[in-house]
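The next block holds one structure in the form of structure tokens; read it before the comments.
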Amino acid sequence: MLYHRHDAMALGIIPARLSAVGTQMALRAGPLNFLMDTQGGRFVEGLCDMFERCTRYTTKPPFRISSVDVEGTLCAVREEVVLEKPFCRLLHFQKQRKEQESLPPEPSVLIIAPISGHFATLLRDTVQRMLVHHNVYITDWISVSEVPAEEGPFGLDAYLDYLIDFLRAIGPQAHVMAVCQPAVQVMALAAILEERDDPVRPASIIPMGGPIDPRCNPTDVNRFAESYSLRDFERMLSFVPFGHPGAGRRVYPGFLQLTAFLNMNPHSHVGKHIQYLEDCVAGREEKKKVHTTFYDEYFSLLDMDALYFLETIDHIFQRYTLPRGLMTYHGQKVDLRAIRRTALLTLEGEKDDISGPGQTYAAHKLCSCLPESKKAHYLQEGVGHYGVFSGSRWRQFIAPRVEVFIREHHTPSATH
């Protein structure tokens, strides 16, 4: 009934939201416009704007990547769906410019976005930067409240099935980046395809700030996951109410995930919103835009399938099945010692408080049969979890290392 109460509250708050929007319109272009030149008017307008944004019903934001600067040449970017499946779409960001026919083929990069709350658009900065020298694809996961119940459940095995299908659609010699939680799945993916000697085996895998072995340098997130039983987590689940395409599905709702995220660091979020009101009063438009852009994305979360949520808690955060050699794929053991040819680059942030430094690096020891020449690790100083894949240090320091690594472990003749 939790989801039903959430929807009822969302409907009940509509009059207050409309009042806030109406007040904004009056202040900006209506009879009260003269108040916008006063600190009080700007404060009220900012307060109304903040209330409206914080009470929006969750929807998937657009990627808004229309162009990319490639060595001084502005290339248009067209977003296309390569493969559409019930729980995810494989998106391709197609660069377009007049002299494209004469360009050498670029390495294909598949970015695996996490299903851990936010939509794939949270990785907009990751995509934009990788587009400069690569042919970029991303997993665009769908909120399961939008997936009809007859499509069945979605768990870790299905997740890996999807990734294999996506690699087949992209072709051989792809490089796979996994941000946060799917670092575990990308390790399993590489092992499965190596053991099969599958032609779509990735040329390299690049797990970024992920919980490959959360026993290394555990964070508050890890301790929280350990402190409750699976039955406790099961009580957090709710059924999707009528009115949604996925009515009847059992899910971990996005609004509960947002509550958990906010509770991890409430003082920081309150402080940022107070700062936003101060910026409104002072008329600092650029700072206001930075705040609203971030929180429009941060407040947009998808619903997770119940099976996937519980299996993730169980396998990754409680029983540590991958590092302990107990993880299975359709009943078959996943053995990371099978990884012998797929190059490995692990990336971590010094101040990551979600996947602590060392948790991703643990992959090096687990891939004991992979030559050291195919392994690399980079720890970025001064960044937290999001700084590993977004922001100025991602663009200036981390992404160039990823580019060099991909060039070193790519076979151009295999690209198509």
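The values are calculated or read from the model by the stated rules, or taken from the named source; none is laboratory data. None of the values given here were measured: they were computed from a predicted structure. Please note: Cβ atoms are built from the backbone with ideal geometry, for glycine as well, and neighbour counts cover all protein chains shown.
Report those strands (runs of 3 or more DSSP E) wholly inside the range 48-118 carrying at least 1 residues which are more than 19 Å from the chain's Cα centre (by Cα) and either exposed (fewer than 11 other Cβ atoms within 10 Å of the Cβ) or of a type in the set (D, E, K, R) (or both).
Working: elements: 67-70, 73-85, 88-96, 108-112.
Counting at least 1 such residues, we get 67-70, 73-85, 88-96.
Out of all the residues in the range 133-153, which are in contact with a Cys (Cβ under 9 Å, 6 or more places away or on another chain) and part of a loop (DSSP other than H, G, I, E, B)? So that I can check it myself, show each step before the final result.
Step one: list which residues in the range 133-153 are in contact with a Cys (Cβ under 9 Å, 6 or more places away or on another chain), which gives 139-142.
Hit for the range 133-153 is 142, nothing else.
Tell me whether the range 38-46 contains one or more residues that are acidic (Asp, Glu), at pLDDT below 90 and not assigned by TED's automatic domain parsing to the domain that holds residue 313.
yes
Residue 157 - would you say it is under 14 Å from the mean Cα position of the chain (by Cα) and in the same structural domain as residue 405 (by TED's automatic domain parsing)?
no
Does any residue in the range 120-131 that is surrounded by fewer than 22 Cβ atoms within 10 Å (Cβ to Cβ) come within less than 7 Å, Cβ to Cβ, of a residue that is in a helix (DSSP H, G or I) and not acidic (Asp, Glu) six or more places away or on a different chain, and which pairs are these?
These pairs meet every condition: 125/394.
Do we have any residue at all in the range 246-260 that's among the hydrophobic types (A, V, I, L, M, F, W, C), over 22 Å from the mean Cα position of the chain (by Cα) and surrounded by 16 or more Cβ atoms within 10 Å (Cβ to Cβ)?
For the range 246-260, residues among the hydrophobic types (A, V, I, L, M, F, W, C), over 22 Å from the mean Cα position of the chain (by Cα) and surrounded by 16 or more Cβ atoms within 10 Å (Cβ to Cβ): absent.
Looking at the range 279-298, which of the residues that are aromatic (Phe, Trp, Tyr) and farther than 12 Å from residue 50 by Cα is modelled with the highest pLDDT?
Looking at residues that are aromatic (Phe, Trp, Tyr) and farther than 12 Å from residue 50 by Cα, I get 294.
Quick one: would you say residue 358 is over 20 Å from the mean Cα position of the chain (by Cα), in a loop (DSSP other than H, G, I, E, B) and either closer than 15 Å to residue 213 by Cα or not assigned by TED's automatic domain parsing to the domain that holds residue 221 (or both)?
Yes.
Exactly one condition in (1) aromatic (Phe, Trp, Tyr); (2) at pLDDT 95 or above; (3) under 24 Å from residue 359 (Cα atoms) is not met by residue 166; state its number.
Condition (3) is where residue 166 drops out.
Being at pLDDT 95 or above, in contact with a Leu (Cβ under 7 Å, 6 or more places away or on another chain) and within 22 Å of residue 164 (Cβ to Cβ): is that true of residue 363 here?
yes
What are the residues in the range 145-175 that are hydrophobic (A, V, I, L, M, F, W, C) and in contact (Cβ under 8 Å) with a residue 40 or more places away in the chain, if any?
Passing the criteria: 147, 149, 154, 156, 158, 160, 163, 166, 167, 169, 170, 174.
Yes or no: the range 158-175 includes at least one residue that is in contact with a His (Cβ under 9 Å, 6 or more places away or on another chain), crowded, with 18+ Cβ neighbours inside 10 Å and in a helix (DSSP H, G or I).
Yes, the range 158-175 has at least one match.
Inspect all residues belonging to the range 175-186 and state whether any of them is assigned by TED's automatic domain parsing to the domain that holds residue 89 and either of a type in the set (S, T, N, Q) or more than 19 Å from the chain's Cα centre (by Cα) (or both).
So in the range 175-186, the residues assigned by TED's automatic domain parsing to the domain that holds residue 89 come out as 175-186.
Add one more test, that the residue is either of a type in the set (S, T, N, Q) or more than 19 Å from the chain's Cα centre (by Cα) (or both), and what stays is 181, 185.
Yes: the range 175-186 contains one or more residues that are assigned by TED's automatic domain parsing to the domain that holds residue 89 and either of a type in the set (S, T, N, Q) or more than 19 Å from the chain's Cα centre (by Cα) (or both).
Among the residues of the range 181-195, write down those that are under 21 Å from residue 130 (Cβ atoms) and modelled with pLDDT of 95 or more. Show your work before the answer.
To start, the set of residues in the range 181-195 that are under 21 Å from residue 130 (Cβ atoms) comprises 181-183, 185-187, 189-190.
182, 183, 185, 186, 187, 189, 190, listed by residue number.
Restricting to the range 100-119, give me the number of residues that are modelled with pLDDT under 95 and among the hydrophobic types (A, V, I, L, M, F, W, C).
So the answer is 3.
Go through the range 1-47 and report how many residues are under 30 Å from residue 236 (Cα atoms) and either without any contact (Cβ under 8 Å) to a residue 40 or more places away in the chain or in a helix (DSSP H, G or I) (or both). Walk me through how you get there before you give the answer.
Step one: list which residues in the range 1-47 are under 30 Å from residue 236 (Cα atoms), which gives 1-17.
Filter once more, so that each one left must be either without any contact (Cβ under 8 Å) to a residue 40 or more places away in the chain or in a helix (DSSP H, G or I) (or both): 2-12, 14-17.
The total comes to 15.
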